1. Provide a single number: the residues in region 30-87 that are under 25 Å from the mean Cα position of the chain (by Cα) and not charged (D, E, K, R).
2. Being loosely packed, with under 10 Cβ neighbours inside 10 Å, of a type outside the set (S, T, N, Q) and either within 37 Å of the chain's Cα centre (by Cα) or not in a helix (DSSP H, G or I) (or both): is that true of Val11 here?
3. Could you tell me how many of the residues in region 50-79 are loosely packed, with under 10 Cβ neighbours inside 10 Å and β-branched (Val, Ile, Thr)?
4. Which of the following residues is part of a helix (DSSP H, G or I) and modelled with pLDDT of 95 or more: Ala81, Ala17, Ala77, Ala73?
Amino acid sequence: MATNNTATFQVNKRLLAAGAVLTGSGALLALVGTAIAGTALATAGRGWVQNLETPPSELATRALRQARAASQAASQAGADAWRSQAQ
């Protein structure tokens, strides 16, 4: 004989709502904390850059100039070696 037991899944709606509220407020609090930390890091980074003796743009220009000179020297050396092998 088959009995038809239908168990129902019942959720305590007050606990579910409280969990959702706490999760939402925790996420909001984490977002605010992340924004504050990001602001602090950005401010510190700007102060650090301002205190450098040489501005980053000048350092980048110098590094690019050195890389171009090294590339030209290497190209010239390769071309010279190729020409000397061809003779």
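1. Initial filter on region 30-87 (under 25 Å from the mean Cα position of the chain (by Cα)): 30-52, 55-61, 63-64.
Right, trim to not charged (D, E, K, R) and you get 30-45, 47-52, 55-57, 59-61, 63-64.
So the answer is 30.
2. Values: loosely packed, with under 10 Cβ neighbours inside 10 Å: yes; of a type outside the set (S, T, N, Q): yes; either within 37 Å of the chain's Cα centre (by Cα) or not in a helix (DSSP H, G or I) (or both): yes.
Judged against the criteria, Val11 is a match.
3. Within region 50-79, the subset loosely packed, with under 10 Cβ neighbours inside 10 Å is 50-51, 53-54, 56-57.
Retained after the next criterion (residues that are β-branched (Val, Ile, Thr)): 54.
Of the residues in that region, 1 qualify.
4. Details: Ala81 fails: modelled with pLDDT of 95 or more; Ala77 fails: modelled with pLDDT of 95 or more; Ala73 fails: modelled with pLDDT of 95 or more.
Sole residue among the options that is part of a helix (DSSP H, G or I) and modelled with pLDDT of 95 or more: Ala17.
The values are calculated or read from the model by the stated rules, or taken from the named source; none is laboratory data. Everything quoted here is computed from the prediction, not taken from an experiment. Please note: Cβ atoms are built from the backbone with ideal geometry, for glycine as well, and neighbour counts cover all protein chains shown.
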